[in-house]
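Trainee: Okay, handing you the structure first.
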There are 2 protein chains.
Amino acid sequence: MVEIPIFADVVAAAARIKPYAVRTPLVESAVLGELTGKRVFLKCEIFQRTGSFKFRGAFNRIALIPEAERAGGVVAFSSGNHAQGVAAAAKLFAMPAVIVMPADAPRPKIEGTRALGAGIVLYDRLREDREAIATRIRAERGATLIKPFDDPAIIAGQGTVGLEIAEDAARLGAVLDQVLVPCSGGGLVSGTALGLSGGAPGLAKVKVHSVEPENYDGMRRSLAAGSRVAAPGGALSVADALMAPMPGVHAFELAKTLLAPGLAVSDEELDRAVAFAADRLKLLVEPGGAAGLAALLAGQVPKAGTVAVVLSGGNVGFEAIAAAVAHWDAKLLKC
Amino acid sequence: MVEIPIFADVVAAAARIKPYAVRTPLVESAVLGELTGKRVFLKCEIFQRTGSFKFRGAFNRIALIPEAERAGGVVAFSSGNHAQGVAAAAKLFAMPAVIVMPADAPRPKIEGTRALGAGIVLYDRLREDREAIATRIRAERGATLIKPFDDPAIIAGQGTVGLEIAEDAARLGAVLDQVLVPCSGGGLVSGTALGLSGGAPGLAKVKVHSVEPENYDGMRRSLAAGSRVAAPGGALSVADALMAPMPGVHAFELAKTLLAPGLAVSDEELDRAVAFAADRLKLLVEPGGAAGLAALLAGQVPKAGTVAVVLSGGNVGFEAIAAAVAHWDAKLLKC
């Protein structure tokens, strides 16, 4: 038995997060429209509280913790966006949060999480087991573990992205043919597909594609195989947020009925998308957040038609974007 | 007699531009909300076709050229955003466009205008009179001059920004107390106030403030004096798009009845706003486009309440933004 969220769970999550989450815009891009021959809409989760979609699922999950268990607070392990999403959501519930982070995580991400009021426990990636540390903290404090993706309430929370896309596309008179969603463990893409599935008429035919880094394309491989299989992994991807080797159990259960075939992009395509977003779209997007845009720019969806691209996060240092722009400027951005 | 647009002209302009202009989003900023204690909404004209609001007015004005005069095309003088707005709008009407630009205008702006199909006539800022050149072109070709701001149809077109803010604020359940609008000749700010004036109930009390660079604060001075007066000018402002010394006749006629007192910001405040937008808001905004944000960050509007800030343009080289971020990073952006 696998517990999976249904459309009504996404609707309930939307009501819960509404007073706290940013209603991020769906923006049509004239630049991308001219370049690709499609109508292109961008779902800008880079403007979400804490700079990525992760706040949605974290808030929805924490809201469901029974009153009696709240005093123990929450614990999560993450080096990035999930850490900040959990910390921000816990703060709104006035609950203590402990985040287990690798000692070599980027300083800004550690500082950002601390600034949100969370306690930080650093661990050595090579010599310590973060799950064991989190288990110990749960036992000692009575804390609730907030998983990054493999949890129905997290998936329902991320699903509000799909619900909002459906509402805004209908309002803007757009009938979507494809939606491109960055994918790590699959919480966002499966939730988004669920949120879209109960949306406006005409969305029944929308194809929702996961987009992963090459070698971290567990969802693509699992969808092709019909069951969960791991990607090879290997060298680190430039998209540090998308390195889960395999989709979560709950996410895949939804994904296998709701998603179109998965897509994958190279590090070069991700880097180019980051540069393009900055130079031409005026948006700062982290590499993982730009995976859907990378697939679009690489020509992985048919010409013509209407596409929505989820820009899932923007937590990257400005210097990294400046380097990408400098690298690609002469080669590509004049198109 | 001065001909001024009325609210119905803005509504008519909105219908004209709808199939071609981007419906730019009004986005709530959690970051600015926490920093300022206000609800803060950003009207993102940086996503508009050609990267600034100028397309709106140019398209509306060109749409009103009588059929018999269309073959002669259009002519405009501009070194920046107006040039691209006119070129893009003329292209949509399949009308020839000639843009008179200073020979020392930034290469990307010249190239961008040329890429939109316009003919470019370069002139020497110090030795030639651009108005005389434009007059000659009008005579030779029968072209219609498209002024940058001092024209009722241009003002009505820019007014669609206010109309959209009113609609989206109502949809988002926000009652605006202030709207901050970058100002050069006053077409955008007066049009925006006009568009807001006939909007949702509750907007009757909204205060619309022009924001100009110090020493180019002709609107502020004119509003205070009750008649058009010139600002001193002098050293170039970092906001190259906002250097009109005095509001236009038509714009001021509207402004004096519709606007709250004008605001002004220093070059340092503009530069800081550009850096803040990139580092914290994930948005690339040109200095002139960031004037309203600069006034907000400088504490020029009361704490509490709800404000909309128009980010009017994003046409700036990435290097300039990188320099601003590097300069301000250590001093300010950790707030």
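The values are calculated or read from the model by the stated rules, or taken from the named source; none is laboratory data. A quick note: this is a predicted structure, and the numbers were derived from the prediction, not measured. Ideal geometry is used to build each Cβ from the backbone, glycine not excepted, and the neighbour counts take in all protein chains shown. All accessible areas refer to the heavy atoms of the entire protein, side chains included, with ligands and DNA or RNA removed. Shrake-Rupley method; radii C 1.70, N 1.55, O 1.52, S 1.80 Å.
Trainee: Does any residue of region A:281-298 turn out to be of a type outside the set (Phe, Trp, Tyr), surrounded by fewer than 19 Cβ atoms within 10 Å (Cβ to Cβ) and more than 10 Å from chain B (Cβ to nearest Cβ)?
Mentor: Checked against the condition, which is being of a type outside the set (Phe, Trp, Tyr), surrounded by fewer than 19 Cβ atoms within 10 Å (Cβ to Cβ) and more than 10 Å from chain B (Cβ to nearest Cβ), region A:281-298 yields at least one hit.
Okay, residues lined up against (1) over 17 Å from B:Lys147 (Cα atoms); (2) surrounded by fewer than 16 Cβ atoms within 10 Å (Cβ to Cβ); (3) outside the structural domain of B:Ala278 (by TED's automatic domain parsing):
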| residue | (1), (2), (3) |
| --- | --- |
| B:Ile17 | yes, no, no |
| B:Pro25 | yes, no, no |
| B:Ala30 | yes, no, no |
| B:Leu35 | yes, yes, no |
| B:Phe41 | yes, no, no |
| B:Ile46 | yes, no, no |
| B:Arg61 | no, no, yes |
| B:Glu67 | yes, yes, yes |
| B:Gly72 | no, no, yes |
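Trainee: Test A:Arg171 against the criterion of being open to solvent by 20 Å² or more (accessible area, probe 1.4 Å) and either touching a residue at least 24 places away in the same chain (Cβ under 8 Å) or polar (S, T, N, Q) (or both), and give yes or no.
Mentor: Spelling it out, it is not the case that A:Arg171 is open to solvent by 20 Å² or more (accessible area, probe 1.4 Å) and either touching a residue at least 24 places away in the same chain (Cβ under 8 Å) or polar (S, T, N, Q) (or both).
Trainee: Among (1) closer than 22 Å to A:Phe252 by Cα; (2) modelled with pLDDT under 95; (3) surrounded by 21 or more Cβ atoms within 10 Å (Cβ to Cβ), there is one condition A:Pro182 misses while meeting the rest; what is its number?
Mentor: Condition not satisfied by A:Pro182: (2).
Trainee: Oh, and also: Determine whether region A:123-135 contains at least one residue that is touching a helix residue (DSSP H, G or I) at 6+ places or on another chain (Cβ under 8 Å) and not assigned by TED's automatic domain parsing to the domain that holds A:Phe47.
Mentor: Scanning region A:123-135 turns up at least one residue that is touching a helix residue (DSSP H, G or I) at 6+ places or on another chain (Cβ under 8 Å) and not assigned by TED's automatic domain parsing to the domain that holds A:Phe47.
Trainee: From the set of residues in region A:35-53 that are facing chain B (nearest Cβ under 8 Å) and hydrophobic (A, V, I, L, M, F, W, C), which is farthest from A:Ala277 (Cα to Cα)?
Mentor: Taking the candidates together, the pick is A:Phe47.
Trainee: Here's something else I'd like to know. May I ask you to list the residues in region A:25-44 that are in contact (Cβ under 8 Å) with a residue 40 or more places away in the chain and part of a strand (DSSP E or B)?
Mentor: A:Leu26, A:Glu28, A:Arg39, A:Val40, A:Phe41, A:Leu42, A:Lys43, A:Cys44
Trainee: While we're on this one: Kindly establish whether A:Ala132 is touching a residue at least 40 places away in the same chain (Cβ under 8 Å) and open to solvent by 10 Å² or more (accessible area, probe 1.4 Å).
Mentor: no
Trainee: Still on this structure: Could you tell me which numbered condition B:Arg70 fails, if it satisfies all but one of (1) part of a helix (DSSP H, G or I); (2) more than 21 Å from the chain's Cα centre (by Cα); (3) under 20 Å from B:Phe318 (Cα atoms)?
Mentor: Answer for B:Arg70: the failing condition is (3).
Trainee: Give the number of residues within region B:225-250 that are of a type outside the set (Val, Ile, Thr) and over 24 Å from B:Asn315 (Cα atoms).
Mentor: 8
Trainee: Take region A:73-102 and flag every residue that is of a type outside the set (D, E, K, R) and either in a helix (DSSP H, G or I) or within 14 Å of another protein chain (Cβ to nearest Cβ) (or both).
Mentor: A:Asn81, A:His82, A:Ala83, A:Gln84, A:Gly85, A:Val86, A:Ala87, A:Ala88, A:Ala89, A:Ala90, A:Leu92
Trainee: Follow-up. Just to check your reading of the model, which residue among A:Ser210, A:Ser237, A:Ser222 is in contact with a helix residue (DSSP H, G or I) (Cβ under 7 Å, 6 or more places away or on another chain), buried (at least 20 other Cβ atoms within 10 Å of the Cβ), within 30 Å of A:Ala15 (Cβ to Cβ) and not charged (D, E, K, R)?
Mentor: A:Ser210
Trainee: How many of the residues in region B:310-323 are buried (at least 24 other Cβ atoms within 10 Å of the Cβ), within 14 Å of chain A (Cβ to nearest Cβ) and not in a loop (DSSP other than H, G, I, E, B)?
Mentor: Result for region B:310-323: 3.
Trainee: Hey, another quick one. Go through region A:298-317 and give me each residue that's within 17 Å of A:Gly51 (Cα to Cα) and either of a type in the set (Ser, Thr, Tyr) or not assigned by TED's automatic domain parsing to the domain that holds A:Ser266 (or both).
Mentor: Matches in region A:298-317: A:Ser312 only.
Trainee: Could we say that A:Arg114 is at pLDDT below 95, over 23 Å from A:Gly317 (Cβ atoms) and open to solvent by 30 Å² or more (accessible area, probe 1.4 Å) here?
Mentor: Spelling it out, it is not the case that A:Arg114 is at pLDDT below 95, over 23 Å from A:Gly317 (Cβ atoms) and open to solvent by 30 Å² or more (accessible area, probe 1.4 Å).
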